Amino acid sequence: MKECQLCRKHPAAVHWKARVGEKNFAMDLCHACAAQMDTALGDGLRTVAEAILKDLSAEAKSATADSDRKDSQECPACHMRWRDYGQSRRVGCPACYEAFAELFDPFIRAWHKGANRHIVNRRVRAAESAPRSNGEREEALRSRLREAIEAERYEEAARLRDELARLPSSSPLT
Amino acid sequence: MSKAPLEPPLPPWLRWVDPDRIGFCARVRLARNVAGHAFPGWAEPEERAALGRMLEEKVGALSVFRGGTLYRMAETSPVERRWLQERHLISAELAARGEGSAVWVSADETVSVMINEEDHLRLQVLGPAGQWETLWAAAEALDQAMSHEIPYAFSDRLGFLTACPTNVGTGFRISVLVHLPGLFLQQEMRPTVKALERLHYAVRGFLGEGSEVVGHMVQISNQITLGRAEADIIRDFEGVVQEIIRQERWARERFQDRGEELKVRDLAIRSAVTLASTLLLSFEEALFHLSLLQLSRFFGWFGLSQQGEPLESLYPLVLPGHLEREFGGEITPEHLDEARALAIRQALAPLGFVNIEFPRR
């Protein structure tokens, strides 16, 4: 059953119609909300009623239920919602990048000329990403080596090959 | 010509290695954050303040800050904050913040670390233009020392995580100030800026983000921080800066080719005389005239030569924060213009600009 477009709690029971100024409006409302809208119009609170109606029609056009869900999606670590990001354009915490990974991706690609992956080519690496098992390290180096060769960054590739060769029990040529 | 007796030595942002004085104030900045903590803009005030205190301690313990100074924004006067900003040691954003935000400045003013700016940490190294590798090496050493003390927010996919997605990846920004009177006076700045922006470089005013373009100076910086290694970003940036400097030299040479030298020389004489004799001098006006004085040095006019003259030391004399700090507090705009005019007149007196010998044609 449809829910009331105003309170979104009760089922819609009335197809409510009104003419405000030059415009016709129609909504599906529950009994209580329909009565409130009637009073608002009847009391001459036209601006209030109009504002509510405008809000609703704008929302109906642009915001689907899907984008609503997206907007109120929340980062589990810092509780920032996507909506908050939309307002401040500042991310809440490091974990937000995971929580909203697919939402950030188009922004990040658009800004960074299509890139969405970090390229490590430094002597310094972040402390937390350093301790890894040899297997993991080898895996990571190999994938970077592949990327470097594909992108024809041969200098980097050579360096990665040497790095791989220095790992215990690995052959860079396999 | 004798050197004007001005306060030595010049701060790092005013050190030139290029005799033409086109590129200066090069800077490498790294945006870093502490793992597991909300970014400063979203953190609760108590969390931000507590983290700020912890970072103040960790940063201050680094050997580079031995003999350095900690400025806590909440305890720093507006004058001092303007002064720090003018010396390119802090950003406008940090200057506007309060509790929990601070900056550590090394004794020689080449290194500063902003705490609780947009990100938890902004590591920055300043130096003359052209020595990009040296600058980067210094920033890298600072970063490495810092990473031993603090677990950085880092992801294998996105690199260093920052409060703004435009900085993720390397968190690396390299910038330089360029003095371009030739391109400005030849009306060639608009296409130049457009070309830079198409190449994903930001063009900003004298004091960085949100500041106005004054004195024919702009700041150029990279915008892309992800998907490219720092060394590659530096290499491309160096190429772009060299190209801009080349363009500026050509623009200056064209003054002679087009027979416009007389016009420019006329402008320069007016500037020299204005600076040497004016009673009230605004910030924008002062930097405009100083720009033409620098250009005069390039052409060797008025007995100015490319070596030796301390024109650089005139810049601090016109900056509002510097003037106010010298005065010992905030001054009204009229008094500021008066103090600026006086300082410049005194500094230029030994150069004898009021009695310039006019060129013969």
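Near residue B:218, the amide H atoms lying under 5 Å from its own belong to B:178, B:180; only residues 5 or more places off or on other chains count, and H is placed 1.01 Å from N. Just so you know, the Cα atoms of the protein assembly as shown work out to an Rg and Dmax of 29.1, 95 Å. Here the 3J(HN,Hα) profile of segment B:164-176, calculated from phi with Karplus coefficients 6.51, -1.76 and 1.60 at θ = phi - 60°, is 10, x, 6, 10, 5, x, 7, x, 9, 10, 10, 9, 8 Hz, Gly and Pro shown as x. The phi-based Karplus calculation (6.51 cos²θ - 1.76 cosθ + 1.60; θ = phi - 60°) puts the 3J(HN,Hα) values of segment B:211-219 at 9, 7, 7, 10, x, 6, 10, 10, 9 Hz, whole numbers, x for Gly and Pro.
Rg then Dmax, both in Å and based on the Cα atoms of segment B:197-240: 11.7, 35. Applying 1/(1 + (r/R0)^6) with R0 = 56 Å to the Cβ-Cβ distance of residue B:266 and residue A:152 gives a FRET efficiency near 0.55.
Taking 31 Å as the cut-off for C-alpha to C-alpha distance, list the pairs among B:58/B:194; B:194/B:263; A:70/B:58 that go past it. From B:58/B:194; B:194/B:263; A:70/B:58, over 31 Å: B:58/B:194; A:70/B:58.
Rg and Dmax over the alpha-carbon atoms of segment B:203-274 stand at 16.9, 51 Å. Computed from label points 7 Å out along Cα-Cβ, the spacing between residue A:159 and residue B:134 is 2.2 nm. 3J(HN,Hα) couplings calculated from phi for segment B:33-38 with the Karplus curve 6.51 cos²θ - 1.76 cosθ + 1.60 (θ = phi - 60°) are, in sequence order, 9, 8, 4, x, 10, 5 Hz; Gly and Pro show x. Using C-alpha pairs under 8 Å with a sequence gap of at least 6, the mean separation divided by the residue count of segment B:118-216 gives a relative contact order of 15 percent. The ranking of A:31, B:88 by Cβ neighbour count inside 10 Å, starting from the fewest, reads A:31, B:88. Segment residue B:256..residue B:242, full-extension length gain: 2.8 nm, with 0.36 nm per residue of separation and the alpha-carbon distance subtracted. Within a straight-line Cα-Cα reach of under 15 Å, residue A:9 can be paired with the following aspartates and glutamates, leaving aside sequence neighbours fewer than 8 residues apart in one chain: A:28. Charged side chains reduced to their Cβ positions (Lys and Arg at +1, Asp and Glu at -1) give the protein assembly as shown a dipole of some 940 debye around its Cα centre.
Taking 8 Å as the Cα distance limit and 6 or more residues as the minimum spacing, I'd like the relative contact order of segment B:198-328 as a percentage.
18 percent
Given N residues in chain B, what is its alpha carbon radius of gyration divided by 2.2 N^0.38 Å?
1.04
Every number here is computed from the coordinates shown, using simple stated rules; none is lab data. If you're wondering where the values come from, they're calculated on a predicted model, not measured in any experiment. We place every Cβ from the backbone using ideal geometry, glycine too, and count neighbours over all the protein chains shown.
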